[in-house]
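Below is one structure, written out as structure tokens; the observations come after it.
The values are calculated or read from the model by the stated rules, or taken from the named source; none is laboratory data. Quantities reported herein were computed from a predicted structural model and do not represent experimental measurements. Virtual Cβ from ideal backbone geometry, glycine too; neighbours counted across all protein chains shown.
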């Protein structure tokens, strides 16, 4: 898998620093000085895909146009990643339409480039977000049946498991917290929330690739998080147009999007859930809790969820029997019948995990809890997009 790197633009000093950072993460990258020579080799070479990283950190524009013009003779053979300070919405859309190119911010972790290349290879050279069979990125909504059931914890631990598991760690994964008043997912990770939803409420068209990049909170595990600082934002101000603009950009960038929904339902909740490829309804193992789960399942199905979507239930903080198994499991079966159920038991170490900002999935201790989260992660990893390519 040959990977080349080319510097462009006028800021040679900054470009050199970026190249050094990339080569520490990707030691096999080969520097080149002339793109035309490389293009000639690609045309004459083998069928193996060639990857080109173009570092252009200066404010000079026009790199996207030149890149697409130069690479037009190598469609399907050359995949390029533009690494620059900024990119306009029109240029980013041009890259997406081209299919054999993508963009990464010059300030991003080089692991993002590694993930993009790994994703491209896994999809057999398809455009970002679309595999050869026509599948799109996969969105999974975690829907709480009530407040305080641990929805954020389950969504976060599942995302961490997916990002660190050997089978799925090369997939690009993000967690989007849509609780704009009480978001606390970044507290669990000890990172800063950066999503400023107010900036796109009145003008969703303003959301371009550069602004989207600013909204990302990056965790050391490689997980990307979108979460807003806690505020008294009126949920009624949040509109579907703003969320659609945000989730549309996310779907072009990530293989898996885990959505942490708030317990209250709003005008946009049904649309977000209905567009998901999988739904995990979370709740508690009590008679009232099970009834709330059943009511939430009915609301999810009544809301027009994708016909091919899969729906599961995650019952949190279950009490375990002394010799193994879950207490009151018969109550669950009586109320929820044949639903797909995941049981997650009480975990004494969870409070310490939250207080220290270290997910359970990154702590040595885990045991049964880790296995139970792994089961939910396996469900999410196996999901395919229910959307049909137009």
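Residue check: is residue 300 within 24 Å of the chain's Cα centre (by Cα), modelled with pLDDT of 85 or more and more than 24 Å from residue 223 (Cβ to Cβ)?
Against the criterion (within 24 Å of the chain's Cα centre (by Cα), modelled with pLDDT of 85 or more and more than 24 Å from residue 223 (Cβ to Cβ)), residue 300 qualifies.
Results for (1) touching a residue at least 60 places away in the same chain (Cβ under 8 Å); (2) closer than 21 Å to residue 183 by Cβ, shown as yes or no for each residue.
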{"site": "260", "(1), (2)": "yes, yes"}
{"site": "276", "(1), (2)": "yes, yes"}
{"site": "282", "(1), (2)": "yes, yes"}
{"site": "285", "(1), (2)": "no, no"}
{"site": "292", "(1), (2)": "yes, no"}
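Just one of 200, 216 is at negative phi and modelled with pLDDT of 90 or more; which is it?
Result: 216 is the single residue among 200, 216 that is at negative phi and modelled with pLDDT of 90 or more.
Examine region 252-265 for a residue that is in a helix (DSSP H, G or I) and surrounded by fewer than 17 Cβ atoms within 10 Å (Cβ to Cβ), and state whether such a residue exists.
No; the residues of region 252-265 include none that is in a helix (DSSP H, G or I) and surrounded by fewer than 17 Cβ atoms within 10 Å (Cβ to Cβ).
In the set 248, 231, which member is surrounded by fewer than 16 Cβ atoms within 10 Å (Cβ to Cβ) and under 14 Å from the mean Cα position of the chain (by Cα)?
Details: 231 fails: under 14 Å from the mean Cα position of the chain (by Cα).
After ruling out the rest, the residue left standing is 248.
At least 2 residues that are in the same structural domain as residue 105 (by TED's automatic domain parsing), modelled with pLDDT under 70 and touching a strand residue (DSSP E or B) at 6+ places or on another chain (Cβ under 6 Å) in each: list the helices (runs of 4 or more DSSP H) lying fully within region 1-74 that qualify.
63-71
What pairs come up if the first residue lies in region 109-138 and is at positive phi, the second is modelled with pLDDT of 75 or more and assigned to a helix (DSSP H, G or I), and their beta carbons are under 7 Å apart, counting only those six or more places apart or on different chains?
Here the result reads 129/251; 129/252, each pair linking region 109-138 to a residue that is modelled with pLDDT of 75 or more and assigned to a helix (DSSP H, G or I).
Quick one: how many residues across region 172-196 are under 24 Å from residue 105 (Cα atoms) and surrounded by fewer than 20 Cβ atoms within 10 Å (Cβ to Cβ)?
Selection size over region 172-196: 5.
Suppose the filter is in the same structural domain as residue 150 (by TED's automatic domain parsing) and within 19 Å of residue 159 (Cβ to Cβ); does residue 359 pass it?
Considered against the rule, which asks whether it is in the same structural domain as residue 150 (by TED's automatic domain parsing) and within 19 Å of residue 159 (Cβ to Cβ), residue 359 comes out as yes.
Mind checking which residues of region 208-220 are within 15 Å of residue 174 (Cβ to Cβ) and crowded, with 16+ Cβ neighbours inside 10 Å?
Residues satisfying the conditions are 209, 212, 213, 215, 216, 217, 218, 219.
Mind listing just one residue for me: the one in region 99-121 that is in a loop (DSSP other than H, G, I, E, B) and buried (at least 19 other Cβ atoms within 10 Å of the Cβ) and, of those, modelled with the lowest pLDDT? Steps first, please.
The first filter runs over region 99-121 and keeps only residues in a loop (DSSP other than H, G, I, E, B), leaving 99-100, 106-110.
Cutting the leftovers down to buried (at least 19 other Cβ atoms within 10 Å of the Cβ) gives us 100, 106.
Details: 100: 77, 106: 82.
Filtering first and then ranking leaves 100.
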